[in-house]
Amino acid sequence: MTVSQGYKEIAQQKLAERDAKFFPEWLVPEDDLPSTDLMDVTGWLADTKYLLDLEKEITTSDAPTIVSNIRNRKWTCLEVTKAFCHRSSIAHQLVNCLTEIFYDEAIARAEELDKFQEETGTTLGPFHGLPISLKDNFNVNGHASTVGIVKYSFEKMTEDAVLVGLLREQGAIFYVKTNVPVAMMMPESTNHIWGTTVNPLNRNLSAGGSSGGEAALLALHGLPLGLGTDIGGSIRIPASFQNLFALKPTLGRFPTYGCRAGLPGLELVSSINGPMTTSLTTLDYYCKNILTLEPWYHDPNSVALPWRTVDVPGKLNIAILEDDLVVRPTPPIRRGLKIVRDALTEAGHTVIDWVPEDHLRLSQIITAFFLSDGGDHVLKETRATGEALFPYMKMYGQCKDLPTLELRALHVERTALAKKFLDRWRATKNVTGNGRPIDVIIAPTTPFPGSVVGKFGNHVGYTSPFNALNFSVGILPVTRAHQDLDPADAEPAGHNEGDIQTWADYNSTESHGGAVALQVVGQKFEEEKVVEIMKVISELIDKKQT
């Protein structure tokens, strides 16, 4: 890259560099790829002749099974690694999800691990031989972390992020990184380097952002375990759009040091990382085992809190948020809420309604934090190559620096709202009928079952309030949108112009097959409780829908 080059030329060179790293024998000939008219490509990949039966068996297994089969020598690390590298190559052809590719390194590492096991009779640890994909911002020694900014295309990192290093020491194998929006600050994963990642459940829809590439690859079983980050919904939105299980933890639960930030130095609200998976068994396995590595000795922001065993009440108290009164959820999301409400009620759990007091204000404060530098960082890094701002990011070119006194006032207000939220949570013991407050809140993740590309809008008010509160939040798949079951509303809720636009944009045929996944919200450092309650509700949903 030279100073004289424009962003389009640099991006073209970077794209060519990545494409040269695909193994030709793992790619499907263009003429044999599904037609662009095929929206749901999950079944096509499951049935394709281009994957061997063993490759399909390996890539559709959960993480505990993969690790166990390697330990018991049913599969080798090399077999597992090649299977996921192969499947990820085809997944990319279908939805455009990959950024950095290092298959050669992964294969070499797999061979080292197989040799280690053969010579010692043991494995390195709980992640021995497990391929793990990484969102683009996780620094990997020797590779770029572009975070969707053209200027960073050829800037190689010189060390691993703390989490990457810990996982590597325990035998994890890294082979790809996945697509994100520019600076990871848009609700769709698109940028001038890699283009747009689409949703494999319905390629008319966005994969979401900012962990959209990771989520799309997971939905196609191109990895067993993915790692995303979240500062306003960036794990939860893509996970919900692809019907995945995921966890946005409290800051300090998992190590974050050494990841490239889209807005560096922003500690007014912190980006955290968490797992994204296709199964609760994999999610549980990751959470339990990553904390045995004692990350608090490696990351100054990590808290010395191992994964705990918790017992949830036999009869839960659940609050359900139906509508944040800013943008009403579209019909598929409301049907998903009803499925969960009915399943809980029929099983004898207590269900009450959650009124969205202060959700909008918490969301507004988060946005003010994002823009508090007047957009200077984003503008500086994009203007270095003449990179054009996407419409979703126009606010970064229009905002102004937030004066220190105003910033401090927002801190005070955020803390006061958090206290009020806790008081309201505790006060629910007066209406549950059993003297206990609610255990969790069930809420939409977005108003959509996956949004049509380019039509998300700018409302992340279902996710960002829980970043402001630093709460533990899981994502729970419920069902899929169906054009016959989810007809459009006759009229909008009329909350505001954004709500009316969302109503106007919704089309049951366009959204057919989109994902319906909800948030399960616990309080700070209640990750274990959230996961256990997700297990309970998931089982109830499965029973109700069979």
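FYI, it's all coordinate maths here, none of it is from the lab. Just so we're clear, the structure is a prediction, and the values are computed from it rather than from any experiment. A quick note on method: Cβ atoms are made from the backbone with ideal geometry, for glycine too, and the neighbour counts reach across all protein chains shown.
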(request) Measure out, as a whole number of angstrom, how far apart the alpha-carbon centroids of the stretch 193-212 and the stretch 82-127 sit. (result) 24
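Using alpha carbons only, what's the Rg to Rh ratio of the stretch 120-252 with Rh from Kirkwood? Let's see the in-between values first.
On the way: Rg = 14.8 Å, Rh = 15.1 Å.
Rounded to two decimals, Rg over Rh is 0.98.
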(message) List the chymotrypsin sites (Phe, Trp or Tyr not before Pro) within the stretch 117-186 that DSSP assigns to loop and that have no more than 14 neighbouring Cβ atoms inside 10 Å.
(response) Phe154
(request) Using the 2.2 N^0.38 Å rule of thumb for compact globular proteins, work out how the stretch 15-110 stacks up: its C-alpha Rg over that value, please. (result) 1.14
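Taking the alpha carbon gyration tensor of the stretch 481-544, what are the square roots of 5 times its eigenvalues, largest first, to the nearest whole Å? Intermediate values should be presented prior to the final figure.
Details: eigenvalues 189, 66, 15 Å².
After scaling each eigenvalue by five and taking roots: 31, 18, 9 Å.
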(message) Can you compute 3J(HN,Hα) from phi for each residue in the stretch 516-530, using the Karplus curve 6.51 cos²θ - 1.76 cosθ + 1.60 with θ = phi - 60°, rounded to whole Hz and x for Gly and Pro?
(response) 10, 9, 10, 8, 10, 9, x, 7, 4, 6, 10, 4, 4, 5, 4
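With both partners inside the chain, how many of the DSSP beta bridges are antiparallel, as a percent to the nearest 5? Intermediate values should be presented prior to the final figure.
Details: 32 of 46 bridges.
The antiparallel fraction comes to roughly 70 percent.
Just want to confirm a number: the relative contact order over the chain, from Cα pairs under 8 angstrom separated by 6+ residues, in percent. List each step's numbers first, then the result.
Details: 1193 pairs, mean separation 85.3, N = 546.
Here the relative contact order equals 16 percent.
Taking each pair of distinct Cα atoms in the stretch 7-292 once, what is the resulting Kirkwood hydrodynamic radius in Å? Intermediate values should be presented prior to the final figure.
Details: mean 1/r = 0.0539 Å⁻¹.
Kirkwood radius, the stretch 7-292: 18.6 Å.
In the structure displayed, which of Lys156/Lys177; Lys135/Lys248; Lys74/Lys177; Lys14/Lys135 lie more than 21 Å apart, Cα to Cα? Don't skip to the end; give the middle numbers.
Values: Lys156/Lys177 13 Å; Lys135/Lys248 14 Å; Lys74/Lys177 28 Å; Lys14/Lys135 17 Å.
Flagged as over cut-off: Lys74/Lys177.
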(message) Under 5 Å between amide hydrogens, which residues at least 5 positions from Val478 or on another chain qualify, with H placed 1.01 Å from N in the peptide plane?
(response) Val516, Ala517, Leu518
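To one decimal place, what Kirkwood hydrodynamic radius in Å is obtained for the chain from all pairs of distinct Cα atoms? If you can, show how the numbers build up before the last one.
Working: mean 1/r = 0.0424 Å⁻¹.
In the chain this quantity evaluates to 23.6 Å.
Using the number of other C-beta atoms within 10 angstrom as an exposure proxy, rank Val326, Val520 with the fewest first.
Working: Val326 19, Val520 25.
In increasing order of surrounding Cβ atoms, one gets Val326, Val520.
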(request) Can you bin the stretch 18-176 into rounded, prolate or oblate? Criterion: square roots of the alpha carbon gyration tensor eigenvalues sorted a ≥ b ≥ c, rounded for a/c under 1.5, prolate for a/b above b/c, oblate for the rest. (result) oblate
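Order of Tyr286, Tyr392, Tyr297 from fewest to most other C-beta atoms within 10 Å?
Numbers: Tyr286 28, Tyr392 19, Tyr297 11.
Ordered from fewest to most neighbouring Cβ atoms within 10 Å, Tyr286, Tyr392, Tyr297 come out as Tyr297, Tyr392, Tyr286.
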(request) Provide the per-residue ³J(HN,Hα) series for the stretch 65-71, in order, calculated from phi with Karplus coefficients 6.51, -1.76, 1.60 and θ = phi - 60°, each as a whole number of Hz, with x at glycine and proline positions. (result) 5, 4, 5, 5, 5, 5, 4
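Run the helix sum for the chain: -39,500 (n - 2.57) per DSSP H stretch of 4+ residues, divided by residue count, reported at 222 nm to the nearest 500 deg cm²/dmol. Intermediate results must be reported in sequence, preceding the final value.
Details: 17 runs with 198 residues, N = 546.
Value at 222 nm, helices only: -11000 deg cm²/dmol.
Find, among the GluC sites (Glu not before Pro) in the stretch 316-380, those assigned to loop by DSSP (not H, G, I, E, B) with at most 16 other beta-carbon atoms within 10 angstrom. Please report the intermediate quantities before stating the final value.
Values: sites: Glu322, Glu346, Glu357; in loops: Glu322, Glu357.
Answer by residue number: Glu357.
Compare the peptides 369-379, 102-112 by average per-residue count of other Cβ atoms within 10 angstrom and give them in order, highest first. Don't skip to the end; give the middle numbers.
Working: 369-379: 19.5, 102-112: 17.5.
Most protected by this proxy first, the peptides run 369-379, 102-112.
Could you line up Met184, Met276, Met395 from fewest to most neighbouring Cβ atoms inside 10 Å? Present the calculation step by step, with values, prior to reporting the outcome.
Details: Met184 29, Met276 32, Met395 15.
With the sparsest Cβ surroundings first, the list reads Met395, Met184, Met276.
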(message) If you average the alpha carbon positions of the stretch 407-445 and of the stretch 335-363, how far apart do those two centres end up, in angstrom?
(response) 14
(message) Explain nothing, just compute: Karplus ³J(HN,Hα) = 6.51 cos²θ - 1.76 cosθ + 1.60, θ = phi - 60°, for every residue of the stretch 91-100 in order, whole Hz, x for Gly and Pro.
(response) 4, 4, 4, 8, 9, 6, 10, 9, 10, 7
(request) Using Cα centres only, tell me the gap between the stretch 265-334 and the stretch 468-490 in whole Å. (result) 17
(message) Quick query: amide H of Ile318 versus all other amide H atoms, modeled in the peptide plane; which residues come in under 5 Å with a sequence gap of 5 or more or a different chain?
(response) Thr350, Val351, Ile352, Asp439
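Starting from the Kirkwood Rh over alpha-carbon pairs, what translational D in µm² s⁻¹ does the stretch 344-454 have by Stokes-Einstein at 20 °C and 1.002 mPa s? Display every interim value, and only then the final one.
Values: Rh = 17.8 Å.
Here the translational diffusion coefficient equals 121 µm²/s.
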